[in-house]
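The values are calculated or read from the model by the stated rules, or taken from the named source; none is laboratory data. The shown structure was predicted, so the numbers you read here are calculated from the model rather than taken from an experiment. So basically every Cβ, Gly included, is an ideal-geometry build from the backbone, and we count neighbours across all protein chains shown.
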Amino acid sequence: MRKYVNRFLMVAGLLAFFATAGCKSSGKDELTLVKIIPEPVKIDYADKILTIGKGIDVVSKDPALSFSRTYLIGQIKKLPGYAFLPEKDDSAVKVVLKLDGRIEQAEGYILEIDKNITISGKTKNGVLYGIQSLLQILQQAPASSEGLDVPRLKITDYPRFAYRGMHLDVSRHFFGIDFIKKYIDLIAMHKMNTFHWHLTDDQGWRIEIRKYPKLTEVGAWRVDHEDLPWNERPDQKEGEKATYGGYYTQEQIRNIVSYAAERGITIIPEIEMPGHSAAAIAAYPELSCQGKQIGVTSGGIAKVNILCAGKDQTFQFMQDVLTEVMELFPSKYIHIGGDEAWKSEWKKCPLCQKRMKDEGLANEEELQSYFIKRIDDFLTSRGRTLVGWDEILQGGLAKNATVMSWRGESGGIKAAQMKHNVIMTPVDYCYFDYYQSLNKDIEPLAFNGYIPLSKVYNYEPVPAELDSAEAKYVLGAQGNVWTEYMPTEKVAEYRVLPRMTALSEVLWSPKEKRNETDFISRLQPFLDWLSENNYNFHIPAPEGMMSKMIFIDSVRVKLVNPWPFARIRYTLDGSDPSVSSDLYEKPFTVKGNLILKACVFLKDGRHGLIKTSTINKVEPILPYSIDTTDLQPGLSYNYYEIAINSVGEIKKHHPKSRGVMDGVGLPAEHRQEVFAADFNGYFYVPRTGVYTFALSSDDGSQFYLGEHLTIDHDGPHGPSAEFGQIALQKGYYPIYLGYFDGGGGNSLTLQMKSDGGEMTDIPQDQFFHKKQE
Ligand code: TNX
């Protein structure tokens, strides 16, 4: 970009004779292409530039655009280049904002930069999106002594999906209104249009309800155990004061709703029911089946969190609450939760059982469905539409409901096939509370799963299973931000960014224009904007490092920079890398023991996670003496239908079936959830060397070579990989691999690379078993 400015200055004199004020022609190769996220539908460059030398004057005749005008002026003033712009005078470049009914797409806009700048939108929101694109262009415009240079162009743009959302859980941790506004700004910047505000849950009720004041007097506060891990927080004891929490008054909420609306964003409130209601029960114990006093849950999972479906009082309560909620939120959609409602209380409750009998309901799932249908009828009668998590499909879907598919895509697929609207938020792609890098040892504590930027970027919201008529029911997708492991605003921003940036492009840009390398190349100015606006974001660690690395004679260290516009710097003396540490330029060879520390630096000195590798010389392990005469190809496996939490427990059980597989993977006969498998056999090493294994699983797994626990990836967790290295001599080694699924998603793969090679699946001819085993 800078190169262009200098060259431009050199030729400026020559060009001056045909240049009108503020207009310079330029050759195509000199043109600075703009970098916009999300990528617009179409950009036509006019092969000329506009130099903004005398300031910018924003004009609009339409009163509907008066906020847009004020907003644009405010944002321009915040741009770093603004200081460069002289005071406005008559020759200032004009930015004209207007509504234009001829634009076809509902949220479409056209941005034209010529002698002046015009933004036309079909609607007010279209104009706002045009403004966001213009701001990105101005922010990255090269500055010369004459002003800011922007290319003349025409952008024709509109979104692919109508629903482009971000969620925030303010119950597990409370976030004040200033942060909520900052979050809304971020949503606006990404041309998203919905903020799903998760206002109630077991760990705190966060919205003032006038008719039920105890919801916030009691329900908004829990015992402060912020110093303890989330899952180890004890329940409130007698006499213990609840001091952690907070809530939003109705006045604050009205203010936020209009702040969001001005910026083109609808807020969908979520009031959880019938589960995730411990905070409401703490305030009004009579809402539960047993009516016992409980405290607001301090962390972990609430023991009792379900409202009684037998009492009419519960429905009256929820209708009253929703009536106040609807007064505050004009949104067509009202989210009522519906997820993870543990039904054991209902099984024991005479009133719930009576309700089931009276209504002819076969089981507790149908009782949940009855609950949701009553609420659906109520919301429908008030002209609103119910949204719920995909559990609302169980026992029968309420007739007007929209489904948010979170436990994978299957709920969304089912609902779309039933001609119900669907919003996709599958846990494997859209959960921004999961780790963002493979380096969980150096990331702040998060949910134990792994959703890197690349995975979000490559997410496709329309499942392949749907035909084109069904696909129309997929309104869009949403990033979910559950805050169990986000105690502060800075951590919340860190988790969200830049994954939400990737999601914004999935939702806005035409499918055929999606290109990950190109996206990464457009990321830098976007990150500059985030830095300038004081947002915290994740910067990845260099790839190619493991905490412990080994070698026999020497090892070639090859680091990969995930963000080519940034630089890797490293040290070999155990100190943390700084802006003056050595630049990593090419692979190097290590022959002695050392500590390598490396990280990715942005040009402003911000850096990502510092990754440390301890690199040590080792002797290879001796092979086992094995009688190879009766070895057969493949691994023998056992399959178990058991519910366990660690691999070690597998051995205490009897398998349901057994057989032989080519390699490590899920046995074909596995059921959908909650099972285990283990593998026994021999691994053949064709050459002495260092072998690196990658064990990916959801949930836990362990991998042994002989008695060496080569990879320990045990315990319940989401899909993620663990790596391990081992130096082996040519020959045969016994292998044991155990795996379990504790519910939700499941997956299992083992990959390998030798010395400098690439990570690949393990060739089948390296696995053997003995027939009798
Ligand atoms: C499941 S997603 C939940 C939330 C948790 C989240 C953690 C959903 C509808 N329920 O209550 O916060 O997992 O990732």
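So the values come out like this:
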read-out: Glu104, sole failed condition from (1) in a loop (DSSP other than H, G, I, E, B); (2) closer than 23 Å to Lys35 by Cα; (3) among the acidic types (Asp, Glu); value: (2)
read-out: Any hit, segment 254-266, residues being in contact (Cβ under 8 Å) with a residue 24 or more places away in the chain and touching a Gly at 6+ places or on another chain (Cβ under 8 Å); value: no
read-out: Identity of the residue in segment 735-747, closer than 24 Å to Gly681 by Cα and under 22 Å from the mean Cα position of the chain (by Cα), that ends up surrounded by the fewest Cβ atoms within 10 Å (Cβ to Cβ); value: Ser747
read-out: Qualifying positions in segment 485-499 - in a helix (DSSP H, G or I) and either more than 16 Å from the ligand (Cβ to nearest atom) or over 27 Å from Leu33 (Cα atoms) (or both); value: Glu489, Lys490, Val491, Ala492, Glu493, Tyr494, Arg495, Val496
read-out: Leading residue by the ranking (surrounded by the fewest Cβ atoms within 10 Å (Cβ to Cβ)) among those in segment 417-428 that are touching a residue at least 40 places away in the same chain (Cβ under 8 Å) and either at positive phi or more than 10 Å from the ligand (Cβ to nearest atom) (or both); value: Lys419
read-out: Residue selected from segment 102-142 under the condition among the small types (Gly, Ala, Ser) and modelled with pLDDT of 95 or more, by the criterion surrounded by the most Cβ atoms within 10 Å (Cβ to Cβ); value: Gly130
read-out: Residue check for Lys181: in contact (Cβ under 8 Å) with a residue 60 or more places away in the chain, under 25 Å from the mean Cα position of the chain (by Cα) and on the phi > 0 side of the Ramachandran plot; value: no
read-out: Matching residues in segment 431-484 - criterion: being among the hydroxyl-bearing types (Ser, Thr, Tyr), part of a loop (DSSP other than H, G, I, E, B), over 12 Å from Ala502 (Cα atoms) and more than 16 Å from the ligand (Cβ to nearest atom); value: Ser437, Tyr473
read-out: Selection count where residues are surrounded by fewer than 24 Cβ atoms within 10 Å (Cβ to Cβ) and over 19 Å from Ile267 (Cβ atoms), scope segment 376-391; value: 6
read-out: Of the criteria (1) closer than 21 Å to Asn746 by Cα; (2) touching a residue at least 40 places away in the same chain (Cβ under 8 Å); (3) of a type outside the set (Asp, Glu), which one Arg499 fails; value: (1)
read-out: Qualifying residue in segment 319-337 (condition: within 16 Å of the ligand (Cβ to nearest atom), at positive phi and at pLDDT 95 or above); value: yes
read-out: Residue in segment 384-398 that is nearest to the ligand (Cβ to nearest atom), counting only those that are over 22 Å from the mean Cα position of the chain (by Cα) and not hydrophobic (A, V, I, L, M, F, W, C); value: Gln394
read-out: Subset of segment 361-370 [touching a residue at least 60 places away in the same chain (Cβ under 8 Å) and away from the ligand (no atom under 16 Å from the Cβ)]; value: Tyr370
read-out: Residue ranges of strands (runs of 3 or more DSSP E) in segment 646-711 with at least 2 members more than 30 Å from Ile451 (Cβ to Cβ); value: 657-661, 675-685
read-out: Residue among Ala492, Ala502, Ala469, Ala477 that is of a type in the set (A, V, I, L, M) and more than 20 Å from His196 (Cα to Cα); value: Ala469
read-out: Neighbours by Cβ (under 6 Å, 6+ apart or cross-chain): first from segment 476-491, in contact (Cβ under 8 Å) with a residue 12 or more places away in the chain; second assigned to a strand (DSSP E or B) and away from the ligand (no atom under 11 Å from the Cβ); value: Gly476/Tyr163; Gly476/Arg164; Ala477/Met424; Gln478/Gly165; Gln478/Ile423; Gly479/Met166; Val481/Leu168
read-out: Residue match in segment 733-743 (condition: in a strand (DSSP E or B) and in contact with a His (Cβ under 6 Å, 6 or more places away or on another chain)); value: no
read-out: Test set (1) touching a residue at least 24 places away in the same chain (Cβ under 8 Å); (2) surrounded by fewer than 19 Cβ atoms within 10 Å (Cβ to Cβ) - Ser625 fails condition number; value: (1)
read-out: Test for Ser504: is it assigned to a helix (DSSP H, G or I), buried (at least 23 other Cβ atoms within 10 Å of the Cβ) and of a type outside the set (D, E, K, R); value: yes
read-out: Residues being more than 11 Å from the ligand (Cβ to nearest atom) and either in contact (Cβ under 8 Å) with a residue 24 or more places away in the chain or part of a helix (DSSP H, G or I) (or both) - total across segment 399-416; value: 12
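Results for (1) of a type in the set (Asp, Glu); (2) within 16 Å of the ligand (Cβ to nearest atom); (3) surrounded by fewer than 18 Cβ atoms within 10 Å (Cβ to Cβ), shown as yes or no for each residue.
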residue	(1), (2), (3)
Val170	no, yes, no
Asp178	yes, no, yes
Ile184	no, no, no
Met189	no, no, no
Leu199	no, yes, no
Gln203	no, yes, no
Glu208	yes, no, no
Lys214	no, no, yes
Gly219	no, no, no
